[in-house]
């Protein structure tokens, strides 16, 4: 419940910060005031909106970073795994056993290798090349 409330406040603070930042004048706005554009900036008083908007933005940023740090701390320290009800992940699967093959029949697949053991090649002996054969040099052709 706490995280739900914090997430809602977090989004509202972020939207408020975006709105306040977009309402502020940039540093290039002073050049336009010489041509009469500065008269419309008297909504917040004679000093302009810079003090109100910048202070509001500062405090919203402090709240935003505070909530961010708390939620990060809570995610790492507050949520401890209890080992209860892990669902499918808590089940141990037994290794499958191969069915018994009657004598005289061929097996469909070789027996499974033990854990960590590398399976051996099962090619027929006539297809395995010996190390004594000459290998052709690249670019040469045997006729």
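The values are calculated or read from the model by the stated rules, or taken from the named source; none is laboratory data. A quick note: this is a predicted structure, and the numbers were derived from the prediction, not measured. Cβ atoms come from the backbone with ideal geometry, glycine included; neighbour counts cover every protein chain shown.
Values as computed for the structure displayed
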| read-out | value |
| --- | --- |
| Helices (runs of 4 or more DSSP H) completely within region 1-105 that count 3 or more residues being in contact with a strand residue (DSSP E or B) (Cβ under 9 Å, 6 or more places away or on another chain), surrounded by 13 or more Cβ atoms within 10 Å (Cβ to Cβ) and at pLDDT below 90 | none |
| Every pair of residues 6+ apart whose Cβ atoms lie under 8 Å, when the first sits in region 53-65 and is under 21 Å from residue 6 (Cβ atoms) while the second is not in a helix (DSSP H, G or I) | 57/24 |
